[in-house]
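The values are calculated or read from the model by the stated rules, or taken from the named source; none is laboratory data. Bear in mind the structure is a predicted one, so any value in this text is a computation, not a measurement. Keep in mind that these areas ignore ligands, DNA and RNA; they rest on the heavy atoms of the full protein, side chains included. Shrake-Rupley method; radii C 1.70, N 1.55, O 1.52, S 1.80 Å.
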Amino acid sequence: GNISGRGFSMAYDEWFETIYKENLELLERVACSFMLKKLGCGTEIYARYFSQVSEEIQEAFMLLWEKRERLCRHQNITGWLINTVRNRLMHLIRDHAHEAAHTAMSADDENVPGEAILSRAGQELPEDALMMDGHIRTLERLLGKENAMIYYGCRVEGKSAGEMARRFKISQSAVWTRMSRAQDILDQHQDEFL
């Protein structure tokens, strides 16, 4: 009775954890190229959708968890996830397509294109936690404390823009704007992170 039930939920946890780890990056890449193709836009437009896209990916995993009893026997769970994410993104695009047309950025808008955010995600900064401690101080010096914490949270801890927005009581787009500015500053001071 009881014990096998608990054993099952453990097995589900491990099953889900494994699928999550193995598919998250793939889904992010799929979502990015899907959005760029569908929106027919550059990455700076995509950057503004990034947090919503991340949320759609998380939603797909939530669905997977809710349907785990049926889906644990699925032959191609990666395919299921990709289709689910694509479907969700199609809705996102339909909801926001007209909006995107109206809010296309003007060149003198001081927003830095989000290209930096996406293409170089975390490549310059070492992942090693001990090294990061020294880097946090460098980040704070270059970016200021709050921006350093936002950058570190998103880049190193993998927090979503939504989480950081709530933590610092700012909008998600403000998080991305700060991230892209931070990335630009760090690109100019790369040598301090070597």
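Candidate cross-link partners of Lys159 among the lysines, defined by an alpha-carbon separation under 21 Å and a same-chain spacing of 8 or more, comprise Lys21, Lys145, Lys169. Distance from the alpha carbon centroid of segment 11-28 to that of segment 66-98 works out to 14 angstrom. With all protein chains in place and ligands, DNA and RNA left out, the 1.4 Å accessible area ranks Leu143, Leu63 as Leu63, Leu143, largest first.
Take Asp95: with every protein chain present and a 1.4 Å probe, its accessible area is about 100 Å². The gain in end-to-end length when the Leu63 to Gln190 segment is fully stretched comes to 41.7 nm, 0.36 nm per residue minus the alpha carbon separation.
Accessible surface ranking for Ile136, Ile93, 1.4 angstrom probe, highest first: Ile136, Ile93.
Annotation: Glu69 carries an accessible surface of approximately 120 Å², with a 1.4 Å probe and no ligand, DNA or RNA atoms counted.
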